[in-house]
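Step one of this worksheet: look at the structure below.
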There are 2 protein chains.
Amino acid sequence: MGTLTGNEIIVGLLSLAVILGSAKILGEAFNRIKLPSLIGEIFAGILIGPTLLGRINPEFAQWLFPTGARIYVSIDMLALLGVILLLLVAGLEVDLSSVLKQGRSVMIFSLFSIAIPFSLGILLGYLFPELFGSADNRLAIMLFVGTALSITALPVIAKILMDLKLFQSDFGMLILSIAMINDLLGWIVFSVVIQVIHTGAVQPLMVAQTIGLTLAFSAAVLVVFRGIVHQTLPWIQAHTSYPGGVIAFVVVSGLFLSSLAEAIGMHAIFGAFMAGIAIGDTPHLREKTREIIDKFVNNIFSPLFFASIGMRIDFIRNFNPLLTLIIVGVVIAGKFAAAFAAGSLNRVDMKIRMSIGSGTIASGAMGIILGLVALQYGIINEDAFESIVIMAVVTTVLSAPLLKMFLKKEKTLNILDLIDRRGFIQDMKAITLRDAIRELADTASVKTGLQSDRIFYKVLEREMLMSTGMGFNIAFPHARLPEIDKPHLVVGISNTGIDFNAPDGLPAHLVFLILTPLSDQNMQIQILSELSNVFLNEKVRTETMNADSFIHFIAAIKSQYTG
Amino acid sequence: MGTLTGNEIIVGLLSLAVILGSAKILGEAFNRIKLPSLIGEIFAGILIGPTLLGRINPEFAQWLFPTGARIYVSIDMLALLGVILLLLVAGLEVDLSSVLKQGRSVMIFSLFSIAIPFSLGILLGYLFPELFGSADNRLAIMLFVGTALSITALPVIAKILMDLKLFQSDFGMLILSIAMINDLLGWIVFSVVIQVIHTGAVQPLMVAQTIGLTLAFSAAVLVVFRGIVHQTLPWIQAHTSYPGGVIAFVVVSGLFLSSLAEAIGMHAIFGAFMAGIAIGDTPHLREKTREIIDKFVNNIFSPLFFASIGMRIDFIRNFNPLLTLIIVGVVIAGKFAAAFAAGSLNRVDMKIRMSIGSGTIASGAMGIILGLVALQYGIINEDAFESIVIMAVVTTVLSAPLLKMFLKKEKTLNILDLIDRRGFIQDMKAITLRDAIRELADTASVKTGLQSDRIFYKVLEREMLMSTGMGFNIAFPHARLPEIDKPHLVVGISNTGIDFNAPDGLPAHLVFLILTPLSDQNMQIQILSELSNVFLNEKVRTETMNADSFIHFIAAIKSQYTG
């Protein structure tokens, strides 16, 4: 740090704070409207990048994000570390055996999802080379467009699946396996493209060498390195500070294998992903270690990376709508066609085909990196580069909502969705059971639109059958009503405590009134068991009882429960 | 990341992997010989830096750590982030109220620990300006040497206290408060020195401005920002992903306030420290959030920083032994004199005075940064710079062992110290209580040098009085023996289970033979209660019972217990 000037320190730290801060704010905001946070993070990059901030106040933008200045290299490096650590974490979550189990269908889907868009890209480059660059480079353009349109963005897909909580499902593993093999093939093809550009022709020997190196690397990491991890991790866990030693081991391995992957001609992130898979496969890696790495990477490093994508270019200047439309159209058509064709071979149903199509369209960072290299080698022009970047962003942004729409998985119950300010009584006045139910029914009446008396008698009727005091200072009075079509929950906190005839004799300080539709038998049981689960935790119980506002109440639940 | 070349990616990632990997390996190794890990981390930097690797193979060293190349700026930036996040974490742990409680004595210690070394430094610079640079700069040299010798390294002290687990003790807070105020005063003095260099004279108005800004910043962060955090943190916890939103908030605040601190003329790390104190003071920050930030920072970021100190210069070339000796001597003499003088005013005992002296000698990174700035301004020459750096390293390395020696806190019992391979029976053959005690006694005989029969009968005698089967599949047979002067523990795992007449009727799968000196009444009880504590945890119990090697056994204990 001694070589940094004071001004570099000021600007470097401030720009990191602005990038990370805006990315997290928009990421969380998008999360709340049920979109994956990475879209918000990219969007933050667009706002603070050349597209908006650079347009409004170019001097300030150049001062804060001095592209070209040497301090900016470290922002780039942090973004690179962001994607590398993201892929490392994604790799940790991959269940290798379930990937291998799906062997055949994964291969078919992967091959199709490369082959069809690749062919379409080749055709596009062959027919309209001048859209991308000089017609003299037709062969290189053809290969580039083919690769750019067929490559799938592993980090984006991994993050989308994590954001949608689909990562560890069978379907998540299927998409991820497809993306992984697609990536592997894509980078092999890309290395060949680079060689073609250099030498002007396809050289079989070098192609064979590239393929050989990639396969050898993958095998070495997944077999040899995995074996070493399996043997050494218990030793590291036993003989170093816990969990620090293991955390450092995971990160150092990821960095080292990334560097090695880049050195032998693949992209660095591929090495990190492989390292993650190899380490994640050992049962010796503890949940706590995973969680610390995961939370820090997903909340600090990966937002930096996704914001940096949005900051990469000015999304308005030099915008070529026709080219962009063509490229986006071809990618989407190609990926969906591939998913359909492969799906009919594998005999999977329509919903899965559509989902795989949606999951594989995201080209994200891969497309951008590829485009950048092609631009540097003079294969494509700036218009084409921008179209590729926009295509990458558009497909990334489309992928998650499409995936969500087609999958629309059975929504699991989240009690936080049921608790709102209107159904929250901060300080109950009632001191008897009867008055308490009356007080809750009054509040429920406002929420449901039903008469308070109606609720009161139904709940009291149930209460007479058997007490709903559960012990541990909690009571769950409840009723099923034909008039409502969704569950309603009213929460009351009583400081004095209300006697609900609990088995442990303790008065209830937390009272939950649960109203569910008569038609849905399971709903009531689900809510009851979910509430019991949450409030069996003593910490949650104590903190919620003492919550002095609705926000504190929710915060206390959230500390232990994510739904 | 788009602007990084392939070679920059390879070298950047590899050098990070090497720095972090070597720092963690040596840090853990030093930890095992009971020295703070930061010394190992600095030592790693010396090995891979210009002192060793650069000497053995300069081409390779320059390739791997291309100082001067733009990619190296990002290594510097990561080291800066390392120290900033370290101070942020240290700040989180500071208990503001206990600092304020110590108000008066802290002020006296701080003033003395600045004033005495500062005066000695002024004298040194006045008498021998040519040791440091040109005699023409006498005034600037005097001020610089005074400041460099009096400034205390907050990050180093924070890390030493964390490593020695003294951080949250009253004494830890006292030292930290002294270092904090020392730092505050030190940076004010340093800003004045810079002004003197620029203008050639002391300008009262600018001095007043610097002092005013520093105090205003501290007050703004500790009052206004702290209030904001207190109000908003529950909202953030309730409305963002947990714990991700809070983690990002903490880091972004730290980055932003660091940048601000640097911008108004203090050093960035001071802003991070203040941010940490302000955030750590709210009771709304949860333990889990703290832990994730703490573990990641202490194991990934801070090793990068400490290794980078060791890599800063060649510790052999241009080594000026006389100057170094003088500087080191003056610092140590000055700090100890200050601690003695202030201690006698405060009427604290000798042990505490010596400990405060030891704790405050570490000049660490502050000294280096100061030296570097002075070198850049041409106040001091390279010899003097190197002596300052060596002084910083030497005092840092000395500080922890001295502190440990003088404090020598009552060693709390750590059962991991009692468990070793020689006293571990992987798979007990015995199936009766008698045979089990015989088998354990045989093993204990080898460890203690006592006759097996002697141990057997003493333990059996005790067992006859009252069963030592504790339930939960655990038994603690034990005896006190006059022949031994320290406790011995033998651990046996029985797959078949041995009936120890436990209250729950379950056979013992884990049997601990505890032998303690007859003279020490408490020892046995301490070990028993510590073992119960550890093995009351069901996870530890299950995992240790199923451990298939000594290493797995230790790892399972360590996952939940740190001693």
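Laboratory data are not the source of any read-out in this text; all were calculated from the coordinates shown. The structure displayed is predicted, hence computed values, not measured ones. FYI the Cβ positions are ideal-geometry reconstructions off the backbone, even for glycines, and counts take in every protein chain you see.
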- How far is helix A:382-407 tilted, in degrees, relative to the longest principal axis of the Cα atoms in chain A, given as a value from 0 to 90 rounded to the nearest 10? 30
- Message: As an exercise, use a Förster radius of 45 Å and the Cβ-Cβ distance of A:LEU416 and B:LEU222 to find the FRET efficiency, rounded to the nearest 0.05.
- Response: 0.85
- Task: Please find the FRET efficiency linking B:VAL207 to B:LEU123, where r is the Cβ-Cβ separation and R0 is fixed at 22 Å, and quote it to the nearest 0.05.
- Result: 0.55
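Would you calculate the convex hull of the Cα atoms in chain A and tell me its volume per residue in Å³? Let's see the in-between values first.
Working: hull volume 110.9 nm³, N = 563.
Hull volume over Cα atoms, normalised by residue count, gives 197 Å³.
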- Around B:ASN298, with a cut-off of 10 angstrom between Cβ atoms, what is the net charge of the other residues, counting Lys and Arg +1 and Asp and Glu -1? 0
- Query: So for the pair A:ARG317, A:TYR457, with labels modelled 7 Å out along Cα→Cβ, what separation do we get in nm?
  - Reply: 7.4
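Return the calculated 222 nm mean residue ellipticity for chain B, to the nearest 500 deg cm²/dmol, obtained by summing -39500 (n - 2.57) across DSSP H runs with n ≥ 4 and dividing by the residue count. Display every interim value, and only then the final one.
Values: 26 runs with 385 residues, N = 563.
Theoretical 222 nm ellipticity from helices: -22500 deg cm²/dmol.
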- Query: If the limit is 26 Å between Cα atoms, which of A:LYS24/A:LYS558; A:LYS295/B:LYS24; A:LYS288/B:LYS447; A:LYS24/A:LYS486 go over it?
  - Reply: A:LYS288/B:LYS447; A:LYS24/A:LYS486
- Note on the structure: Note to self: C-alpha centroids of region A:435-463 and region A:208-282 sit apart, in Å, by 60
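Starting with the highest mean, order A:271-283, A:108-120 by the number of other Cβ atoms within 10 Å, averaged over the residues of each peptide.
Working: A:271-283: 24.8, A:108-120: 23.3.
The densest-packed peptide leads the list: A:271-283, A:108-120.
Per residue Cα convex hull volume for region A:347-444, in cubic angstrom?
On the way: hull volume 17.7 nm³, N = 98.
Hull volume normalised by residue count: 181 Å³.
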- Farthest toward the dipole's positive end in chain A, which of A:SER119, A:GLY276, A:SER308, given Cβ charges of +1 (Lys, Arg) and -1 (Asp, Glu) about the Cα centre? A:SER119
- The answer for the longest stretch of chain B without any exposed trypsin sites (Lys or Arg not before Pro) (DSSP loop, at most 14 further Cβ atoms within 10 Å) is B:166-316
- Message: For the pair B:LEU64/A:TRP63, report the inter-label distance in nm, with labels modelled 7 Å from Cα in the Cβ direction.
- Response: 4.2
- How many nanometers, to one decimal and shortest first, lie between the label point of B:GLY378 and those of its other copies, if labels sit 7 Å from Cα toward Cβ? 4.5
- Query: What does the charge add up to near A:PRO36, with Lys and Arg as +1, Asp and Glu as -1, over the other residues with Cβ less than 11 Å from its Cβ?
  - Reply: +2
- With Cα coordinates, the longest principal axis of chain B makes an angle with the long axis of helix B:287-296, in degrees rounded to 10, of 70
- Query: Once label points are set 7 Å from the Cα along Cα→Cβ at both A:SER344 and A:ASN533, what is their separation, rounded to one decimal in nm?
  - Reply: 4.2
- Task: Could you work out the equivalent-ellipsoid semi-axes for region A:293-375, taking the square root of 5 times each eigenvalue of the Cα gyration tensor, largest first, in whole Å?
- Result: 28, 22, 10
- Summing +1 for each Lys or Arg and -1 for each Asp or Glu, what net charge is found among the other residues whose Cβ lies under 14 Å from the Cβ of B:SER467? -2
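Output the relative contact order of chain B, whole-number percent, from Cα pairs under 8 angstrom with separation of 6+ residues. Show your work: numbers first, answer last.
On the way: 893 pairs, mean separation 88.2, N = 563.
Worked out over chain B, it gives 16 percent.
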- Note on the structure: Distance in Å, no decimals, from the C-alpha centre of region B:38-106 to the one of region B:128-173 is 16
- Taking Cα atoms only, helix B:268-280 is inclined relative to the longest principal axis of chain B by an angle, in degrees rounded to 10, of 50
- Cα-only Debye scattering, region A:392-479: base-10 log of I(q)/I(0) at q = 0.14, 0.20 Å⁻¹: -0.64, -1.02
- Task: Take the protein assembly as shown, drop everything but the C-alpha atoms, weight them equally and run the Debye formula without solvent; then report log10 I(q)/I(0) at 0.04, 0.06, 0.09 Å⁻¹ to two decimals.
- Result: -0.25, -0.58, -1.23
- Note on the structure: Given unit charges at Cβ for Lys, Arg (+) and Asp, Glu (-), the dipole magnitude of region B:1-102 about its Cα centre in debye, nearest 20, is 200
- Out of the DSSP beta bridges found with both residues in chain B, what percent are antiparallel (nearest 5)? 55
- Every other copy gets compared here: list the nm distances from the B:TYR126 label point (7 Å along Cα to Cβ) to its counterparts, shortest first, one decimal. 8.9
- Item | Cα shape, region B:471-525, gyration tensor, a/c 1.5 rule | prolate
- Item | Kirkwood Rh in Å, taken over all unlike Cα pairs in region A:233-295 | 12.1
- Query: Separation of region A:339-406 and region B:484-563 by C-alpha centroid, Å?
  - Reply: 57
- Taking the Cα centre of chain A as origin and charging only Cβ (+1 Lys, Arg; -1 Asp, Glu), how large is the dipole, in debye to the nearest 20? 660
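How shielded is A:58-70 by partner chains, expressed as the average number of their Cβ atoms within 10 Å of its Cβ atoms? Don't skip to the answer; put the middle values down first.
Values: counts 0, 0, 0, 0, 0, 0, 0, 0, 0, 1, 1, 2, 8.
Mean number of neighbouring Cβ atoms from other chains: 1.
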- Query: For region B:175-312, what is the convex hull volume of the alpha-carbon atoms per residue, in Å³?
  - Reply: 126
